[in-house]
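J.: Submitted below is the structure of interest, expressed as structure tokens.
The values are calculated or read from the model by the stated rules, or taken from the named source; none is laboratory data. Small disclaimer: the values here were computed from a predicted structure and weren't measured. Every residue, glycine among them, receives a Cβ derived from its backbone with ideal geometry; neighbour counts consider all protein chains shown.
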Amino acid sequence: MSELFQLLWTRQSFFFELFVQHLLICLIAIVMACIIGVSLGIGAAERKQASGFVMGTANFVYTIPSISMLGFLIPLTGIGNTTAIVALTIYGLLPMVRATYTGLTNVDPLLIEAARGMGSTRKQLLWKIKMPLALPVIISGLRNMVVMTIALAGIASFVGAGGLGVAIYRGITLNNTTMTVAGSLLIAILALVSDALIGWVGKVLAPGSKAKRGGLYAIATMFVVAVLVPIIVSVSSMGGPTIHIATKPMTEQYIIGQILKQKIESETNLKVEITQGVGGGTSNIQPAMENGSFDIYPEYTGTGWAAVLKNESTYGQQDFSELAKQYRDQYDMEWVTSYGFQNTYGIAVPDELAKQYNLKTISDLVPIADQLVFGAEPDFFERLDGYNGLTEAYRMKFASTKDIDVGLKYEAIRGKQIQAMPIFTTDGELAGSGLTVLTDNLGFYPAYDCMNVVRGEILRKHPELKGILESLDGTIDEAHMIDMNSRVENGGETPSEVASDFLANLDSMKGNGK
């Protein structure tokens, strides 16, 4: 608990920014779900012939897994808050449609007949009789929807949206349990407070409430504040040209993202906004680069060759000129700055397994692969240089496979849920992990030099960026990257702190003429 409170206190600006983002995303989605959901619920209740279609459609949409929903929306709405808001709105419809429909259809028919007998019109029946009597049920549906939306918004970080899910996802990736707990706790607090407030609103609006008028003023004031505060905070943080940088959900990408942000902002008047840990990595970042949502992101040459350009041949460093040409011709993007390290794949197994079977190379796995469970991040199973290519090249077949988030692989292999997995050769967690990295004796994995992919339009608009990026060329070797990753994953430092230290040492070396 002391570590939790210390983290919240020392990084209060970070968590406050995420909290405001989370609140704004949820608020927009909740308002939209209320307006659309209540309207559909009224339509279904008032027009019985439409009720089956409306309720059936809402039920069907609600059964679509959230990850699938986000994946469906990315080609339409891109990466970021828009996709998150649309998805949350869609999921919020069913509770509101069902509550409105149930509340309206369960109003006592005798009351409706009495009102009709007194000359009430259909419109008066709806707004003067049915809606006030259905309000408790609608409020109950609203409470369920709000809690669900606030909790579900945590997954929005998968598509590069903001909010407290960023802290959870980053904590998982960085092996920082305290950060994960902090993000989860703040979401829980927001959900509970919101539920309590809506419960109070329900009591104020209930028929016969003595504090109705004053309560309505209070509700209106709270709503205006809830809308304006996040907007004011968001607008106040804007201003000036902004460079949008994306990073994959990997420690070294977080560090490089911070290096780029700090260097660009210190040497230009440009503002840099980083979208940290975009779920799906290249598969989601590349489309966002193409539509202009992102301007720069760190990428690996072998990944660009296979995953983006879909080349079936194995990438070698001699292919870089062709790689750069195809990116320039097809996407108007440039490869700028080779940092000086490669982060290629390796296959790791527990030390005890390696000793038991004398495993030193990937080929040594072949006789026992059918006894092992292979775990990897989802995109590894879809890449040309991933699981299928690996098993085909080495002519081996594992007993089964598991899709595991990149931030949870080490925990899974320590917990013996899997016995083999791909690792990145610069992983900080490799130090003292109890894992043996097997030699790629067939040379299956291509070169994965870490560089920056930059949109050509942004380089033409801000030509000074190229010089800034090129000043980082060759400044990080494998050992240095492993050390920086370990400082974050094992030493408890933040990517921002490690990046600041790196840039300070870099400036010092330049000052000494080294």
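J.: Name the residue that is farthest from L27 (Cα to Cα), counting only residues in region 51-71 that are surrounded by fewer than 13 Cβ atoms within 10 Å (Cβ to Cβ) and of a type outside the set (G, A, S).
T.: Filtering region 51-71 for residues that are surrounded by fewer than 13 Cβ atoms within 10 Å (Cβ to Cβ) and of a type outside the set (G, A, S), the one farthest from L27 (Cα to Cα) comes out as F53.
J.: In region 441-457, which residue that is outside any helix (DSSP H, G or I) and out of contact with any Gly (no Cβ under 9 Å at 6 or more places or on another chain) is farthest from L359 (Cα to Cα)?
T.: Going through region 441-457, the residues outside any helix (DSSP H, G or I) turn out to be 441-455.
Keeping just the survivors that are out of contact with any Gly (no Cβ under 9 Å at 6 or more places or on another chain) gives 441-443, 452, 454.
On the way: N441: 12, L442: 15, G443: 17, N452: 36, V454: 41 Å.
Ranking the candidates gives V454 first.
J.: Pick out the one residue from Q21, Q6, Q49 that is under 30 Å from T494 (Cβ atoms), free of Cβ contacts under 8 Å to residues at least 12 places away in the same chain and not in a loop (DSSP other than H, G, I, E, B). Give the steps one after another, and end with the answer.
T.: Details: Q21 fails: free of Cβ contacts under 8 Å to residues at least 12 places away in the same chain; Q49 fails: under 30 Å from T494 (Cβ atoms).
Being under 30 Å from T494 (Cβ atoms), free of Cβ contacts under 8 Å to residues at least 12 places away in the same chain and not in a loop (DSSP other than H, G, I, E, B) holds for just one of Q21, Q6, Q49, which is Q6.
J.: For region 261-272, does any single residue satisfy the condition of being polar (S, T, N, Q), assigned to a loop (DSSP other than H, G, I, E, B), closer than 26 Å to P463 by Cβ and in contact with a Leu (Cβ under 8 Å, 6 or more places away or on another chain)?
T.: Within region 261-272, one or more residues are polar (S, T, N, Q), assigned to a loop (DSSP other than H, G, I, E, B), closer than 26 Å to P463 by Cβ and in contact with a Leu (Cβ under 8 Å, 6 or more places away or on another chain).
J.: Taking strands (runs of 3 or more DSSP E) that fall entirely within region 291-389, which contain at least 1 residues that are free of Cβ contacts under 8 Å to residues at least 40 places away in the same chain and touching a Cys at 6+ places or on another chain (Cβ under 6 Å)?
T.: Ranges flagged: none.
J.: Are any residues in region 395-417 crowded, with 17+ Cβ neighbours inside 10 Å and more than 25 Å from the chain's Cα centre (by Cα), and if so, which ones?
T.: The answer is M396, F398.
J.: Scan region 460-494 residue by residue and report those that are outside any helix (DSSP H, G or I) and among the hydrophobic types (A, V, I, L, M, F, W, C).
T.: If the condition is that a residue be outside any helix (DSSP H, G or I) and among the hydrophobic types (A, V, I, L, M, F, W, C), then L472, I476 are the ones that fit.
J.: Answer yes or no: is there a residue in region 65-75 that is more than 30 Å from T247 (Cβ to Cβ) and without any contact (Cβ under 8 Å) to a residue 40 or more places away in the chain.
T.: no
J.: Looking at V166, V137, V146, V159 in this structure, which one is more than 23 Å from E377 (Cα to Cα), β-branched (V, I, T) and buried (at least 23 other Cβ atoms within 10 Å of the Cβ)?
T.: On the way: V166 fails: more than 23 Å from E377 (Cα to Cα); V137 fails: buried (at least 23 other Cβ atoms within 10 Å of the Cβ); V159 fails: more than 23 Å from E377 (Cα to Cα).
Exactly one of V166, V137, V146, V159 is more than 23 Å from E377 (Cα to Cα), β-branched (V, I, T) and buried (at least 23 other Cβ atoms within 10 Å of the Cβ), namely V146.
J.: Could you list, in sequence order, all residues of region 440-458 that are at pLDDT 90 or above and not hydrophobic (A, V, I, L, M, F, W, C)?
T.: Those that are at pLDDT 90 or above and not hydrophobic (A, V, I, L, M, F, W, C): D440, N441, D449, N452, R455, G456, E457.
J.: Separate question: Here are some residues: L185, L190, L133. Which one is part of a helix (DSSP H, G or I), within 25 Å of T89 (Cβ to Cβ), touching a residue at least 60 places away in the same chain (Cβ under 8 Å) and not aromatic (F, W, Y)? It would help to see each step written out before you state the result.
T.: Working: L185 fails: within 25 Å of T89 (Cβ to Cβ); L133 fails: within 25 Å of T89 (Cβ to Cβ).
Among L185, L190, L133, only L190 is part of a helix (DSSP H, G or I), within 25 Å of T89 (Cβ to Cβ), touching a residue at least 60 places away in the same chain (Cβ under 8 Å) and not aromatic (F, W, Y).
J.: Restricting attention to region 251-261, which residues are of a type in the set (S, T, N, Q) and touching a helix residue (DSSP H, G or I) at 6+ places or on another chain (Cβ under 6 Å)?
T.: Across region 251-261, the qualifying residues are T251, Q258.
J.: Here's something else I'd like to know. Anything in region 396-418 that is in contact with a helix residue (DSSP H, G or I) (Cβ under 7 Å, 6 or more places away or on another chain), assigned to a loop (DSSP other than H, G, I, E, B) and either on the phi > 0 side of the Ramachandran plot or free of Cβ contacts under 8 Å to residues at least 60 places away in the same chain (or both)? List them, or say none.
T.: Selection gives M396, K397, F398, A399, I404, I418.
J.: So, of the residues in region 99-134 that are within 21 Å of G37 (Cβ to Cβ) and of a type in the set (D, E, K, R), which turns out to be surrounded by the most Cβ atoms within 10 Å (Cβ to Cβ)?
T.: The residue in question is K130.
J.: Can you name the residue in region 346-380 that is surrounded by 21 or more Cβ atoms within 10 Å (Cβ to Cβ) and among the aromatic types (F, W, Y) and, of all such residues, is farthest from E252 (Cα to Cα)?
T.: Residue satisfying both the conditions and the ranking: F374.
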